[in-house]
Amino acid sequence: MPEVFLRRLSRWQAEMQREAIADLYVEAVRGMAGAGFGDRRDFLLRFEHDVQQTDFDMVVADSAGLVGCLYGYRAERSGAWWERFRAVLPPEVEEQTASGRVFLLSELMMTPAERGSDVASRLRTLLLTRHTSDVVVAVLKPDDDRGRHVLQAWDWTKLGEFAPQQEGWLRPPSPLP
């Protein structure tokens, strides 16, 4: 199996490689329930939003091409999304977020060939070593069994569940069509 190298991308590098990252996204979601043609465009809209967020950080895995990617950003402790987020937290976790040091893992994607390897864990370790967050959060869709499996393998704890009307809570509506 070829060697996989990890590297951190700056915001500028991430924006410059957006098409390659979108290609990785398409390969990663291919065959998943609900995946379709619009997913690439939707991903690029989300990516455009995320890359502009405070403390955006991204790491990629490369083996003669991108094989994995993980990115996120520091969550601002204000606005409607924060209120909806706080509403699902247990009281002891909400106390931990008082500092405002909450980091949102926005996207993890792996090519099918790298699933089950240690690359996702290595990406997580590299990404989070730079951040002094009290709480790191990942939000999954209810049918994201693959993502749930990864987070369970990382020994993460489920903090709560959003009501269906709260979908889309993480990102504000895009001004783009």
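The values are calculated or read from the model by the stated rules, or taken from the named source; none is laboratory data. Just so you know, these numbers come straight off a predicted model, no measurement behind them. Reconstructed Cβ throughout: ideal geometry from the backbone, glycine too, with neighbour counts over all protein chains shown. Note: areas computed on protein heavy atoms with side chains; ligands, DNA, RNA excluded. Shrake-Rupley method; radii C 1.70, N 1.55, O 1.52, S 1.80 Å.
Tell me the accessible surface of THR125 in square angstrom (1.4 angstrom probe, heavy atoms of protein chains only), to the nearest ten.
Here the residue's solvent-accessible area equals roughly 70 Å².
Which of the chymotrypsin sites (Phe, Trp or Tyr not before Pro) found in segment 48-140 are loop residues per DSSP with 16 or fewer other Cβ atoms within 10 Å of their Cβ?
Taking segment 48-140 and a limit of 16 other Cβ atoms within 10 Å, no loop chymotrypsin sites (Phe, Trp or Tyr not before Pro) are found.
Just read off the accessible area of HIS49 with the full protein assembly in place, 1.4 Å probe, to the nearest 10 Å².
That residue has around 40 Å² of solvent-accessible surface.
Is segment 1-134 best put as rounded, prolate or oblate by its Cα gyration tensor, with a ≥ b ≥ c the root eigenvalues, rounded for a/c under 1.5, and otherwise prolate when a/b is larger than b/c, oblate when not?
prolate
Please calculate the 1.4 Å probe accessible area of LEU126, with all protein chains present, and give it to the nearest 10 Å².
50 Å²
Determine the percent antiparallel among the DSSP beta bridges restricted to segment 1-141, to the nearest 5.
Approximately 80 percent, going by the DSSP bridge assignments.
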